[in-house]
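Take a look at the structure below.
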Amino acid sequence: MKEYTKDLSIIISLYNERESLPELISWIQKVMKEQGYRYEIIMVDDGSTDGSWDIIRELKEDDSNIRGISFRRNYGKSAALYEGFKTAEGSVIITMDADLQDSPDEIPELYRMVTEEGWDIVSGWKQKRQDNKFTKNLPSKLYNATARKITGIKLHDMNCGLKAYRNEVVKNIEVYSEMHRYIPYLAKNAGFSKITEKPVHHQKRKYGKSKFGLERFVNGFLDLLSLWFLSTFGKKPMHFFGFSGILMFLAGGIIALWLIIDKLVSQAHHLLYRPVTDQPLFYLALIAIILGAQLFLAGFICEMISRSSNDRNHYNIRERL
């Protein structure tokens, strides 16, 4: 079994949270001292413009366990977590937000569930949310119900920022675009199936305002469909495009052939008939044939370019501490 230099790596992705950082780090340090963990705190500044990086510099001067990564611009939470995961050296990885809504007091139990109970991922579940009921709570319930249905993972709060992972999990998944919402699904597709959840305390935001609006639920649903498609057909796009193309091509061909045969039979029996080219159904059949052929060819193209990008997770990092 691999030996790790740290018990815990705590990854905090942040964007314009300078007011909350000193209090959050002090709280984490208190918990770490009480538990006697060997730990590191990795703060990823996602292009903040409020001086958050200056606060991180000051905090590191007082605690050598703090590490920092600063992006030159805002890339998003997935990029921040990707860099944090790549840097982490702890046997257990804890992710949490910087807005003080996630409680560091939850960390010891999350750590225990991974190390003693053998879970690959322990996801936080904010049973009693301190957000607006109509703008956060109800959309979140609909979003999570949809996610459970599509992914097959029975989590009540898949998008909760407070999670614990075995090191092996984060080193074997690739978080990109906006896929941080579905890390449990990425892990499941990578073969890590021991996934559970733990009810956690959720606090009201103390400083600033939320960086997320209602549009994240729409974007989250679209991302979920993309992830489902990629995980199902990402390495075999021809199974989707080719099958769809064949069905459409055959449907169009059968309709066109039926119209032609119907005309010939009517002619042979001296019955009234409409010319094939006068019937709208004939042109719909032609469209189906053309689209079917295009989908089939698209399958071949997708097979060639599937997962061929080498710079999907290339980020312009300003500085590392």
*Which one of L155, L291, L81 has the biggest mean-square fluctuation once the chain is modelled by GNM with Cα springs under 10 Å?*
L291
_Could you report the accessible area of K30 in Å², rounded to 10, computed with a 1.4 Å probe on the protein chains as they sit in the structure?_
110 Å²
*Please list the non-local residues whose amide H lies under 5 Å from the amide H of K198, H modeled 1.01 Å from N, same-chain partners needing a gap of 5 or more.*
S123, G124, W125
*asked:* Please list M179, M248, M238 from largest to smallest accessible area, probe radius 1.4 Å, with all protein chains kept in place.
replied: M248, M238, M179
*Quick one: dipole size for the range 1-109, taken about the Cα centre, charges +1 on Lys/Arg Cβ and -1 on Asp/Glu Cβ, in debye to the nearest 20.*
520 debye
*In the chain, carbon and sulfur make up what percent of the accessible area (probe 1.4 Å)?*
57 percent
_Taking the chain and dividing mean pair separation by its residue count, relative contact order in percent (alpha carbons under 8 Å, at least six apart)_ = 19 percent
_aspartates and glutamates whose Cα lies under 15 Å from that of K149, excluding same-chain neighbours fewer than 8 positions away_ = D157, D223
*Which of P275, G124, Q35 sits farthest toward the positive end of the charge dipole of the chain, with +1 on the Cβ of Lys and Arg and -1 on the Cβ of Asp and Glu?*
P275
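Can you work out the accessible area per residue across the chain, with the rest of the protein chains kept in place, probe 1.4 Å, in square angstrom? Before the final figure, lay out the partial values.
Values: 17060 Å² over 321 residues.
So the chain comes to 53 Å² accessible per residue, rounded to a whole number.
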*Choice from D45, D262, D102 showing the highest fluctuation, given a GNM over the chain with Cα pairs closer than 10 Å*: D262
_Most mobile of G84, G51, G124 in a GNM of the chain (Cα contacts under 10 Å)_ = G51
*For each pair in K33/K188; K30/K188; K30/K86; K86/K154, compute the distance between the two Cα atoms and list the pairs where it is over 30 Å.*
K33/K188; K30/K188
_FRET efficiency for I261 and N172, using Cβ-Cβ distance with R0 set to 51 Å, rounded to 0.05_ = 0.35
_Rounding to the nearest 10 and keeping the result within 0 to 90°, find how far the Cα-based axis of helix 237-268 lies from the longest principal axis of the chain._
20 degrees
*By how many degrees, between 0 and 90 and to the nearest 10, does the Cα long axis of helix 138-151 differ from the longest principal axis of the chain?*
70 degrees
*asked:* To test your reading of the geometry: what angle, between 0 and 90 degrees and rounded to tens, separates the Cα axis of helix 215-233 from the longest principal axis of the chain?
replied: 70 degrees
*Considering only Cα-Cα distances, which of the following residue pairs are longer than 21 Å: K60/K171; K163/K204; K77/K126?*
K60/K171
_Apply the a/c threshold of 1.5 to the C-alpha gyration tensor of the chain and tell me whether it is rounded, prolate or oblate._
prolate
*Which value at 222 nm does the chain reach when only helices count, each DSSP H run of 4 or more adding -39,500 (n - 2.57), with the total divided by all residues and rounded to the nearest 500 deg cm²/dmol?*
-15000 deg cm²/dmol
_Heavy atoms of S64 accessible to a 1.4 Å probe, total area in Å² rounded to 10_ = 100 Å²
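The values are calculated or read from the model by the stated rules, or taken from the named source; none is laboratory data. Just so it is clear, the model here is predicted, and its values are computed rather than measured. Positions of Cβ are backbone-derived with ideal geometry, glycine not excepted, and every protein chain shown enters the neighbour counts. Just so you know, the surface numbers come from the protein's heavy atoms only, side chains and all, with ligands and any DNA or RNA stripped out. Shrake-Rupley method; radii C 1.70, N 1.55, O 1.52, S 1.80 Å.
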